[in-house]
Amino acid sequence: DLQCKTWTKPILMGLLFICMTPIGVGIGIGIRSSINPPAIILAQAILDSLSAGILLYNAYVSLMSIEINHNVGFRKSSLSRKVFCFLCMYLGAALMSVLGAWA
């Protein structure tokens, strides 16, 4: 929920967001011919790892905190069930990373 009194800031931020993608694409096309292939591969690997880190952060902090901290049933469950749930969560994350590396 935005806590803005007027619509000017959300509209300005939306327009800025809309303009950034074409500008980024233009910059990428402009510098594409001046970069050697190993640097492109390195830059792509760094950006892919950053986006994967952001996705993992969102998954663990935003989504899993709701399931763990705000779920009374989970908090009242036994230690072995909690350990099993965490192991399944980490196994799922490992399988998704293997799938991401393979695909």
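The values are calculated or read from the model by the stated rules, or taken from the named source; none is laboratory data. Because the structure is a prediction, the values reported are computed rather than measured. In this analysis, Cβ positions are derived from the backbone assuming ideal geometry, glycine residues included, and neighbour counts consider all displayed protein chains. Surface areas here come from the heavy atoms of the whole protein model, side chains and all, with no ligands, DNA or RNA. Shrake-Rupley method; radii C 1.70, N 1.55, O 1.52, S 1.80 Å.
General observations
- Being in a helix (DSSP H, G or I), of a type in the set (S, T, N, Q) and loosely packed, with under 10 Cβ neighbours inside 10 Å is a description that applies to Ser80.
- Qualifying residue in segment 58-74 (condition: open to solvent by 80 Å² or more (accessible area, probe 1.4 Å), among the aromatic types (Phe, Trp, Tyr) and assigned to a helix (DSSP H, G or I)): no
- Answer from Leu15, Leu47 - the residue that is more than 30 Å from Leu99 (Cα to Cα), out of contact with any Leu (no Cβ under 6 Å at 6 or more places or on another chain) and surrounded by 10 or more Cβ atoms within 10 Å (Cβ to Cβ): Leu15
- Any chance Ala43 is assigned to a helix (DSSP H, G or I) and either charged (D, E, K, R) or at pLDDT below 85 (or both): no
- Lys5 being of a type in the set (D, E, K, R) and outside any helix (DSSP H, G or I): yes
- Test for Ile40: is it open to solvent by 90 Å² or more (accessible area, probe 1.4 Å) and over 21 Å from Val98 (Cβ atoms): no
- Residue within segment 4-11 that is open to solvent by less than 100 Å² (accessible area, probe 1.4 Å) and in contact (Cβ under 8 Å) with a residue 12 or more places away in the chain present: no
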